[in-house]
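Written below as structure tokens is the structure these notes are about.
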Amino acid sequence: MSLQAPAIERLHGDDVQAIDELRETFARLKAQLGRAIVGQHDVIERLAICLFARGHALLMGVPGLAKTLLVSKLAETMSLRFSRIQFTPDLMPMDITGTDILQDIVGGKREFQFMHGPIFANIVLADEINRAPPKTQAAMLEAMQEHKVTILGKSFRLEPPFLVLATQNPVEQEGTYPLPEAQLDRFMFLIEVDYPNEDEEIQIARTTTGEALPELERLLAPEQIIACQDLVRRIPVPDHIYTYAARLVRKTRPSGATAPGWIKPFVSWGAGPRAVQYLILGAKARAALSGSYMVRLEDVREVAAPVLNHRIITTFAAQSEGVNSREIIRRLLEETGEEG
């Protein structure tokens, strides 16, 4: 209680009201998406966290789990421009960013005009991003990091809000270009999309083999989303939460002094400082969506797996023993108490 009082005092009255409204909006968002998407409640929450924390997400799951449908319906409820890019080995950077086209103008003259590519949207679905060659992936990297694209020496800004949601198929890896660690690190979350349970699968069959899916209600305009993103940044964080997040991340580094002995044979590279930033930002967004006026320890622990999963590189010894990054994170959370 001693922590909560000063935290609320640091928020303006308008911010407290805005957090309450955001909690209600998130409840409506889940209800709207539930009209078209069966289950996947954790996935929906993590997508919303990325949206309001201004982070990008990598969705991992086998085909047929409604990843594309979920992203398009999320854009629909937010009144956001949505575009889908199917990544293939022959995809070129200009296919994503756009290029100059020679056009006829008044007077019979001709001049180059820039034709915008599909990256110029609010929510961009990069389907099977690891099927494109590195040069094309690099074009996406600049857009994700800088919120701009550069074509023939000219820079073009991407209008906010801007969110890249990329998918990868974990089963079929033939003919793919694995994403380098530097690009993986640009994704705030790795969101694993799992199979539905039996009841959900029956409901999916009922929903998708009948009439057309309903049109969803538009809940927020782009400028309202930007205001919510600014609000998330203002959520107070107690000092011990910063300490906890930093110590948790530092324990993933096998060469660090605080790394537990058991982790060194299993991890070749741990998470970097960006992981600490995303733990805090993800916790802020989760707190706001749940209507909390400050970040709690449970918020950090809930976002730890999607933040750290793709930032912990396991060794061959770990793979041979069936130890993956999820198991390492689970054990670290068990061993890391409230004080870190």
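Values in this text are rule-based calculations from the coordinates and carry no lab data. None of these values were measured; they are calculated from a predicted model. Counting neighbours? That spans all protein chains shown, and the Cβs are built from the backbone with ideal geometry, glycine included.
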Quiz prompt | Positive-end extreme of charge dipole, the stretch 37-219 - chosen from Pro178, Phe82, Tyr195 (charges on Cβ) | solution = Phe82
Practice problem: For an R0 of 25 angstrom, estimate the FRET efficiency from the Cβ-Cβ distance between Thr150 and Lys109 and round to the nearest 0.05. | Solution: 0.40
Quiz item: Cross-link partners among lysines for Lys264, C-alpha distance below 27 Å, same-chain residues fewer than 8 apart left out?
Solution: Lys251
Quiz item: What is the fewest-to-most order of Lys67, Lys154 by other Cβ atoms lying within 10 Å of their Cβ?
Solution: Lys154, Lys67
Quiz item: So how much slack lies between Asp42 and His116, counting 0.36 nm per residue of separation and subtracting their Cα-Cα distance, in nm?
Solution: 23.2 nm
Quiz item: Taking the Cβ-Cβ separation of Glu298 and Ala182 as r and a Förster radius of 35 Å, what is the calculated FRET efficiency to the nearest 0.05?
Solution: 0.65
Practice problem: Figure the gain on full extension for Glu142 and Thr207 (residue separation times 0.36 nm, minus the Cα-Cα span) and round it to one decimal in nm. | Solution: 19.5 nm
Quiz prompt | Under 15 Å, Cβ to Cβ, from Thr150 - net charge with Lys/Arg +1 and Asp/Glu -1 | solution = +1
Exercise. At a Cα cut-off below 19 Å, give the lysines reachable from Lys73, other chains included and same-chain residues fewer than 8 away excluded.
Key: Lys30
Practice problem: Name the lysines eligible as straight-distance cross-link partners of Lys135: C-alpha to C-alpha under 28 Å, and not fewer than 8 places from it in the same chain. | Solution: Lys67, Lys148, Lys154
Quiz item: Separation of the stretch 204-221 and the stretch 228-296 by C-alpha centroid, Å?
Solution: 36
Self-check item: Pair Asp90, Lys30: separation of 7 Å Cα→Cβ label points (nm)
Solution: 4.5
Quiz item: Given a Förster distance of 56 angstrom, what is the FRET efficiency for Asn197 paired with Thr99, based on the Cβ-Cβ distance and rounded to 0.05?
Solution: 0.75
Exercise. Give me Met78, Met294, Met60 ranked fewest to most by other Cβ atoms within 10 Å of their Cβ, as a rough exposure proxy.
Key: Met60, Met294, Met78
Practice problem: With runs of 4+ DSSP H residues as the only contributors, calculate the mean residue ellipticity of the chain at 222 nm using -39,500 (n - 2.57) per run, divided by the residue total and rounded to the nearest 500. | Solution: -13500 deg cm²/dmol
Quiz item: Between Asp14 and Ala317, 0.36 nm times their residue separation minus their Cα-Cα distance comes to what?
Solution: 103.8 nm
Quiz item: About its Cα centre, what dipole magnitude does the stretch 134-291 give when the only charges are +1 on Lys and Arg Cβ and -1 on Asp and Glu Cβ, stated in debye to the nearest 20?
Solution: 1200
Quiz item: Hey, fewest Cβ within 10 Å first, where do Leu29, Leu213 land in order?
Solution: Leu213, Leu29
